[in-house]
Structures are given as structure tokens and as C-alpha cells.
Amino acid sequence: MCGRVRCTLRADDIPRACHRSHGPVRTVNMDRFRPLFNASPGSNLPVVRREDGGDGDGVVVHCMKWGLIPSFTKKTEKPDHYKMFNARSESICEKASFRRLIPKNRCLIAVEGFYEWKKDGSKKQPYYVHFNDGRPLLFAALYDSWENSEGEKLYTFTIITTSSSSALGWLHDRMPVILRDKGSTDSWLSGSSTSNFDSLLKPYEGPDLVWYPVTQAMGKVSFDGPECINEIQLKTEGNNSITKFFMSKGTKKEELNPKDTSFYDSSVKNDLPKSVKEEPEGKEKTEQPASTEKCENDSKCSVSTLSQEGVSKGQTKRDYEEFSADSKPVAYETSEISASPAKKKVNPKSSLDKQPTLFSYFGKS
């Protein structure tokens, strides 16, 4: 099946693309042609056909509507271009609509590429199929003319399709008949009516036919422009945000498995200094210097002495607060690290601490 094509060729490039640049070329209704990136049945496209009644090299570049309207269609009937925009190569010699056209109404369609949709359940993804070197594709086609009730003659054509190639079978089971070279185009366009065209109407198996995904907006006939052939990146399963969330959540659970203690053991052993590793478990606090214990005993004596001598309550309270601020032990750093972080260490008295304090003054009095 071939229902969308890209045809943005210039009118003077079409005969050359069909290997007909040396003979006489005549044009018909080419003022109706508009380059399209998303041409569909009903569009006006250039067709290369033989000159009427001529067997020579003369050709006509004729702008026709895509979608065959047989000449025997009633004049009062509204033309439906979607009814016969393709013709199966296996049955063109059997159906009356196509069989009578084979002797003299064969033609060529030159396009840069065509689109095909890949079905995935309810979704359809379009792909752009073209030659990797950018040269035009030449389709085998048939044309006919029909006259309506007003006497207007309408020329239409249909593209012949065949079974899909081995490379494109995953995309669709049908593809247009692509004529390979000048020899095949000459045989189709100028061959005798008794010629056997079976060898021409075969799938194109060349490796130069390539494809890539394009935007799904191609489904709209009104969508047209260079954006039609822009390659897109398809979203694969597992790349959406919900899937990523659950995948990352499962990974975190595995990493923080509480049954696996190797992670915690190794980090603790590596981070702690050597002195802590070798310290016995029973040693929970560091011995305090004797001078500090003496200072605490002296404080008890001094307080009791002050109370016995009848020093005023307010004066004693102020003196005691000053003493407490001076005599409060200060923590200092040692080379050893305590096994229990809640235990505080006391700084041993230095030589400056031997000076008399206000507390010792009151104690001696």
C-alpha cells in the first residue's frame, strides 16, 4: 500500500529523473502542480507518459489527480479518489478497471519518498522510506481519463503495488513497484502491449532503500512542510517517568538491604582510626586527673564553710557563681578518641591554674 508520498521536485527535473532528458518533452496542466511533502489521494502530481499515438521517445509531463476514476464511471457520479489510488500487480490483468489500461496507458510517477505506517496495537507510527543518496523513486503506474456531466475531462492515475521486500516486511506487507534503472523504465513506458511485465512488477530488494520514523502528525492530510520528513526518536518501553520511578525505587531497596551487613561493617572499619579499633570494649571513659578531683572536693568544703560563718546569702550566691565560672572544667583534645561520644574529657590543670582564686580566698578565711 502507498497512500502518502513526498513530491517536491521541480517540473524540469522530472523528465531527467525518469531518464527522458534527451527526447522531446511536452507539458500539460503543470500550472496545477504544487510541491508537497505530504501528498495524498486527490493531490495533483506530475506524471510522465508517452505522447498520444506516438511510439518514439517523445514523452509528456502531465499533471494528474492521484486516485483513478475509470472512464466508464457515470458522469453524474462524484469522483472518489481514495477508491483506486493503488492497484495490486497480481490482479491488474484480471480487473476491468486496470486490464484495459495496460496496453497504452502505462506511466511513471517520480517522487522523493513515500510514507508507511507501522501498526502496534491501537497505535500507528509513520516511517519515511527513500533512497539513501536522495535520488527520486520511480513508481510504475496506470492512468485514465473521465468526463463529467459538465464536459470537463479529468485525468487520474493509480500507483501499482506489490508484495513487500524482505527488508520492509516488518513495516507493511505491501509496497509500491519501484523501477530500478533506465532499462526498466523504458520497458514499462515504451514496451509493446504484448510484453511480459511480471519481471518488472517485483519488490525492490536494493540495500539503498532506507527509512526512519517521522512525526505522527503525518496522519493529518492538512499537515505539510519540511517537518514531515524530520526524523524523530521513538520512545521505548522503560523510558517513561513512571517506569523509571519504580526501577529506581527497587534499586534503592536492594542497595539498602538491612540483611546485608557487609556495607556497614566495611565503612566503619575503614573510617575509624587505629587507636579506636585497638581500644578494649570495657573502657568507656577516660580517667580524670587528680587535680580535678581535688578541686571538686575543695568546692564542697568551701561552700560548707561559707554557710557556717554566716556570710550573707546574696553575697555568697554572687561569689559562688563567679567561682563556678572560673573552676568549670574545659574539654580538650587528646590523641585518644573515646569509644562513647557522650563522655566528656576534662583538661588537666596547667601551671596558670595554680594561682589563687576567689574561691580559695574564701576557703582560707
Which distance in nm do the two modelled labels at S21 and S91 give, with both placed 7 Å along the Cα-to-Cβ direction?
-> 4.0 nm
Summing +1 per Lys or Arg and -1 per Asp or Glu among the other residues with Cβ less than 9 Å from C63's Cβ gives +1
Calculated on alpha-carbon atoms, Rg and Dmax of the stretch 144-198 in Å = 16.2, 48
Taking protein heavy atoms only, a 1.4 Å probe, and rounding to whole percent, the accessible area of the stretch 54-122 owed to carbon and sulfur comes out at 50 percent
For the stretch 147-236, with only Lys/Arg (+1) and Asp/Glu (-1) charged at the beta-carbon, what is the dipole magnitude about the Cα centre, in debye rounded to 20?
-> 260 debye
Place +1 on the Cβ of every Lys and Arg and -1 on the Cβ of every Asp and Glu in the stretch 171-222, take the dipole about the Cα centre, and give the residue among P207, F197, V221 whose Cα lies farthest towards its positive end.
-> V221
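Could you give the size of the charge dipole of the stretch 18-115 about its Cα centre, using +1 on the Cβ of each K and R and -1 on the Cβ of each D and E, expressed in debye and rounded to the nearest 20? Working shown, then result.
On the way: 17 positive and 10 negative charges, 70 e Å.
So the magnitude is around 340 debye.
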Among 37-44, 26-33, 176-183, the order from most to least packed when residues are scored by Cβ within 10 Å on average = 37-44, 176-183, 26-33
Percent of alpha carbon pairs in the stretch 1-152 separated by more than 28 Å?
-> 22 percent
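The values are calculated or read from the model by the stated rules, or taken from the named source; none is laboratory data. Bear in mind that the values here come from a model prediction, so they are computed numbers and not experimental data. Cβ atoms come from the backbone with ideal geometry, glycine included; neighbour counts cover every protein chain shown. We work out accessible area using only protein heavy atoms, side chains counted, and drop any ligands, DNA or RNA first. Shrake-Rupley method; radii C 1.70, N 1.55, O 1.52, S 1.80 Å.
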